[in-house]
1. I'm checking my understanding of the structure. Among residues of the stretch 108-134 that are assigned to a loop (DSSP other than H, G, I, E, B) and touching a residue at least 60 places away in the same chain (Cβ under 8 Å), which one is least open to solvent (accessible area, probe 1.4 Å)?
2. Would you please list the contacts, defined by Cβ atoms under 7 Å and residues six or more apart or on different chains, that run from a residue in the stretch 33-60 that is closer than 23 Å to LYS2 by Cα to a residue that is outside any strand (DSSP E or B) and among the polar types (S, T, N, Q)?
3. Could you grab me the full set of residues in the stretch 135-160 that are farther than 15 Å from VAL23 by Cβ and in a helix (DSSP H, G or I)?
4. Output the residue which, of all residues in the stretch 16-32 that are without any contact (Cβ under 8 Å) to a residue 40 or more places away in the chain and in contact with a strand residue (DSSP E or B) (Cβ under 8 Å, 6 or more places away or on another chain), is most open to solvent (accessible area, probe 1.4 Å).
5. Can you name the residue in the stretch 138-150 that is surrounded by fewer than 17 Cβ atoms within 10 Å (Cβ to Cβ) and of a type outside the set (D, E, K, R) and is also nearest to ASP13 (Cα to Cα) among such residues?
6. If you scan the stretch 69-97, which residues turn out to be open to solvent by 20 Å² or more (accessible area, probe 1.4 Å) and under 12 Å from GLY5 (Cα atoms)?
7. Within the stretch 89-109, can you find the residues that are under 27 Å from LYS147 (Cβ atoms) and either in contact with a Ser or Thr (Cβ under 8 Å, 6 or more places away or on another chain) or polar (S, T, N, Q) (or both)?
8. Give the stretch 49-59 a look and list any residue that's over 22 Å from the mean Cα position of the chain (by Cα) and surrounded by 10 or more Cβ atoms within 10 Å (Cβ to Cβ), or say none.
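The values are calculated or read from the model by the stated rules, or taken from the named source; none is laboratory data. Quick caveat, the model's predicted, so the values are computed rather than measured. Here the Cβ is made from the backbone with ideal geometry for all residues, glycine too, and neighbour counts use every protein chain on show. To get the accessible areas, we keep the full protein, side chains included, count just its heavy atoms, and leave off ligands, DNA and RNA. Shrake-Rupley method; radii C 1.70, N 1.55, O 1.52, S 1.80 Å.
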Amino acid sequence: MKLAGISGSLRRDSFNTHLLKNVADLLPENVSMDILSIDLPLYNADLDIPEAKERPAAVQQFRDGLAAADGLIIVSPEYNFSIPGLLKNAIDWASRGKDSPMLRKPVALMGATQGLWGTAKMQVAFFPVFQFMDMKVVQQPEVLVAKAQEKFDKNGKLTDETSVKLIRQKIEALLNLVATR
């Protein structure tokens with residue numbers, strides 16, 4: 001089984017990228033995950049099919065990575081109580097067109113923040129996107145890593161056992177969704 005992973009942050013020392021790498025380390029042996037870059041140009045329909053003959057190379061690579069995956073894991077910070085613009089831009093590139101690699105894809109959503117709310121509002125903001133794409137969402141358990149600065153060591157290893165336990169449960173639920181797809 002193959003998953004695609006997306007971090008909603010490009011920061012060099014992002015807690016969310018650390019979290020995604022910890023998720024990769026927790027996957028069962030028979031499951032792999034490719035971490036996809038969302039460093040993409042701003043969405044412009046003039047650069048998309050059918051207006052353009054082909055999509056920008058970075059966009060096509062991103063879409064191909066999603067298409068090759070059986071399921072998707074998104075790990076993201078929360079900006080202004082919502083989805084970070086960079087991540088929303090990537091989702092817009094991937095969700096457009098009849099050939100969207102996101103249609104009906106099983107997805108698990110998580111987030112880490114230094115604040116107290118643990119990306120709860122960002123996760124809620126994703127539900128209309130998932131609904132529109134008819135994605136199969138792992139609802140429970142919620143993985144909301146609050147006070148992230150206290151839950152990772154200096155090397156980015158997640159040290160909070162409660163979060164690790166919830167992540168394992170979330171992975172298992174995602175793999176079950178993929179298996180029943």
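1. Taking the candidates together, the pick is THR113.
2. Filtered contacts from the stretch 33-60: LEU40/ASN89.
3. Correct list: GLN149, GLU150.
4. Once the filter is applied, the top-ranked residue is SER32.
5. My answer is GLN149.
6. Across the stretch 69-97, the qualifying residue is only ASP70.
7. LEU109
8. Selection gives ILE49, ALA52, GLU54.
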